[in-house]
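To start, the structure itself, in structure tokens.
Read-outs throughout are calculated quantities, based only on the coordinates presented, and are distinct from any laboratory measurement. Quick caveat, the model's predicted, so the values are computed rather than measured. So basically every Cβ, Gly included, is an ideal-geometry build from the backbone, and we count neighbours across all protein chains shown.
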Amino acid sequence: MISTLNLATKPFRNRALPFLLAALMLFAAAVGLIVSLAYWKQTSDTNKLLAEQNSRTEAEIKQLKGEGEKVQQQLSPEQKAILTASHKLVANKTFGWSRLFSDLEGVLPGSVSASRISVQNIYNDSGRLKAELELGVLSRDYPAVMAMIDNMHNSGLFQAELRGQDLQKNERMTYTEYTLRLIYSPGYGYSATPTTDVAENNPGGAR
């Protein structure tokens, strides 16, 4: 006699499996929570340490600044002048004169020649070395001088201001000497490409 088994009336049931899956999910969630809490604590401790270091650094800077101001107040006028001169000497040593002449060459049109240059001051402006210059140029072409000033501004290296002009005459020609005040910031712009008419319009001119 063959007996038949009706699986519909007696389904297979594993009562332990759902509990096992739930336990695994709970364990995974607990591990994730522990890892997240550990990471959060580490980040919090790091931020707290950095904040303490910043506070100490700011306090030290404030203290040093206060001590520096006290020292400045105790200096005599002669000592202050010596200190200023020493700062200028350091700035002079770090100033690139060959770079200055190269950058000037890049913005001078062919019909404009440099006649003289003098340094009025070299100083540090928010970490940027700058020089205050007086530049004299010779030209018979006023528009070329204006174009030169535009070149200086566009280069990002010079801030130029025309201060005066003086008509000059000799046996051969009549020309004008223009005096400009420049603020030169080396290394913070680009050198303009010299114009191609230098040799044609200014043979043997002083540059």
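Using 0.36 nm per residue, how much length does the chain from GLU105 to ARG172 gain when fully extended, once their Cα-Cα distance is taken away?
Extending this stretch completely gives an extra 21.6 nm.
Stretch ASP125-GLU67 to full length: gain in nm at 0.36 nm per residue minus the Cα-Cα span? Write out the running numbers ahead of the final one.
Values: separation 58, 0.36 × 58 = 20.88 nm, distance 2.22 nm.
Result for the pair: 18.7 nm of gain on full extension.
Could you sort the peptides 104-113, 134-143, 21-30 by per-residue average Cβ neighbour count (10 Å cutoff), highest mean leading? Numbers along the way, then the final one.
Details: 104-113: 20.9, 134-143: 17.1, 21-30: 10.0.
Result, highest mean first: 104-113, 134-143, 21-30.
Could you derive backbone 3J(HN,Hα) for segment 51-63 from the dihedral phi with the Karplus parameters 6.51, -1.76 and 1.60 (θ = phi - 60°), listing whole Hz in sequence and x where the residue is Gly or Pro?
5, 5, 5, 4, 5, 5, 5, 4, 5, 5, 4, 4, 5
For the peptides 175-184, 119-128, what is the packing order when you average, over each peptide's residues, the other Cβ atoms within 10 Å and list the highest mean first?
Numbers: 175-184: 18.2, 119-128: 11.2.
In descending order of packing, they fall as 175-184, 119-128.
If the limit is 30 Å between Cα atoms, which of LYS70/LYS130; LYS130/LYS169; LYS48/LYS130 go over it? Intermediate values should be presented prior to the final figure.
On the way: LYS70/LYS130 28 Å; LYS130/LYS169 35 Å; LYS48/LYS130 40 Å.
Table pairs above 30 Å Cα-Cα are LYS130/LYS169; LYS48/LYS130.
For VAL31 and SER55, what is the calculated FRET efficiency with R₀ set at 41 Å and r taken between the beta-carbons, to the nearest 0.05? Present the calculation step by step, with values, prior to reporting the outcome.
Numbers: r = 36 Å, r/R0 = 0.89.
So the FRET efficiency works out to roughly 0.65.
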